[in-house]
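Quick notes on the structure that follows.
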Amino acid sequence: MTDQAAGTLGKYHILLVEDDDGDALLVEELLYDTDLPHTLTRCRTAADARRALAAHPVHCVLLDLHLPDASGVETVQAVQTDTGAAIIVLTGLDEPRAGVDALGAGAQDYLIKGKVEPDLLQRAVRYAVQRKQAERANAALQIGRLRAEENARLERGLLPEPLLSSAAVTASSRYYPGRAQALLGGDFLDVVQTDDGQVHAVIGDVSGHGPDAAALGVCLRIAWRALTLGGHRNEQLLHLLEQIHIAERTGNDLFTTCTLITVDPRAATATLHLAGHHEPLLLTPEGAQEVTAAHGVALGIVPGLGKWTATTLALPPRGALVAYTDGLIEGFANNTGERLGVDGLLRIIDTIHTPDPGAHLDELIARTRTLNADRHSDDLAVLRLDWNTQTAAATASAWRTAP
């Protein structure tokens, strides 16, 4: 750390905590004889030091271990809770263990009174401040690691591996949190295939951001998977999810929008239930279009009174459904402040020609984020289901002829 980095004026701001006037004068003269640019403030007690540190942060505290209101290691403990500054303790000649004990209590260094020269004091202050800065940087790094681990655990809960047992339907998904280094928001999605060959998918968005919304999203995603594998379907499933939403939410103002999708590859149909959510997009070789589907209220808006009508679509031999949360379309489309919207999203899709579903989603998201230019920071989740009814027919035939 350079002198300039030590303070806005290139000075080390030092607090001397010493009740003995003679020892205080000695420290002041030693500092004066160094080349260290500094300002020096003196306190006589630990209580005065805490008040001074609260009012004016410093880079280094020179701390006598014997004060009127604190003595020994407890002196370090009394001061360090109120500062992020480096602490150098001042010990006597007859205290061989005091300095070592002070280091164990959190001090960065110790000096023995009567054996300190200007050069030694200057080096001690510089190195103590550097070590304290390193400690704080390491602590911040550890906090960052813990936050990354928390994010990873939440991400595994929000974005699980699809449970697909055949190649008739494939799933691709992407998720981007709205704010850098933030906990994931409440967007969630999941895909499972049941023994009858049907593929069930959900995508949802809990209102709000942060850990509460993310935790509720994880809860709803896990509940959806368990209930779906347990045989619950359609409107009954949404009523159960709403009950779980109400039981687990942290505030009455939280609600959840979601879309349920059931793809039957053998019947070439898809059944949709919309709970306050966007219609998915249908992608075919002829182009992309928004599906027309019946709407129902979001979960938690009018508990127990929601109605969710099913919409059944006939599927082309090959195609894809793309479901998404509003972070994909609520960003800006240009410099005039116009939102992208569904029409803008469809225009982008019409210009993307990659056959790979994952690459298609990556390109789509990259285009929308480039247009938005980081001006809108909502979470973003996208789920794409691709099917091939010829593959489904071949799979069904193999099941029928299997011994």
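Any read-out appearing in this document is the output of simple, stated calculations on the displayed coordinates, not a laboratory observation. A quick note: this is a predicted structure, and the numbers were derived from the prediction, not measured. When we count neighbours, we look across all protein chains shown, and the Cβ atoms used for this are built from the backbone with ideal geometry, even at glycine.
Observations on the model:
- Site-free segments of the chain were taken between trypsin sites (Lys or Arg not before Pro) in DSSP loops having at most 14 other Cβ atoms within 10 Å, sites themselves excluded; the longest one is 180-306.
- Inverse of mean 1/r across different Cα pairs in the stretch 1-130, Kirkwood, Å: 14.4
- Share of pairwise Cα-Cα distances greater than 18 Å in the stretch 122-253 is 63 percent (whole percent).
- Prolate/oblate/rounded label for the stretch 237-367 (Cα gyration tensor, a/c 1.5): oblate
- Sorted largest first, extent of the chain alpha carbons per principal axis (Å): 96, 47, 44
- Net charge dipole, the stretch 57-107: roughly 160 debye, given to the nearest 20, about the Cα centre with Cβ charges of +1 for Lys and Arg and -1 for Asp and Glu.
- Prolate/oblate/rounded label for the stretch 241-316 (Cα gyration tensor, a/c 1.5): prolate
- Proximity of backbone amide H atoms, modeled 1.01 Å from N, is registered between N388 and no other residue at under 5 Å, excluding neighbours fewer than 5 places apart on the same chain.
- Cα extents for the stretch 182-237 along the principal axes, largest to smallest and rounded to whole angstrom: 40, 19, 14.
- Relative contact order for the chain, counting Cα pairs under 8 Å that sit 6 or more residues apart, in percent: 12
- Cα gyration tensor, the stretch 293-356 - rounded (a/c under 1.5), prolate or oblate: oblate
- Each distinct pair of alpha carbons in the stretch 75-179 adds a 1/r term; the inverse of their mean, the Kirkwood radius, is 18.2 Å.
- In terms of overall dimensions, the C-alpha atoms belonging to the stretch 227-268 reach 43, 19, 13 Å along their principal axes, ordered largest to smallest.
- Cα convex hull volume per residue for the stretch 176-308 (Å³): 119
- When every Cα-Cα distance of the stretch 32-88 is counted in 5 angstrom steps from zero, the calculated P(r) takes the values 4, 19, 31, 24, 12, 8, 1 percent.
- Angle in degrees between helix 211-229 and the longest Cα principal axis of the chain, rounded to the nearest 10: 30
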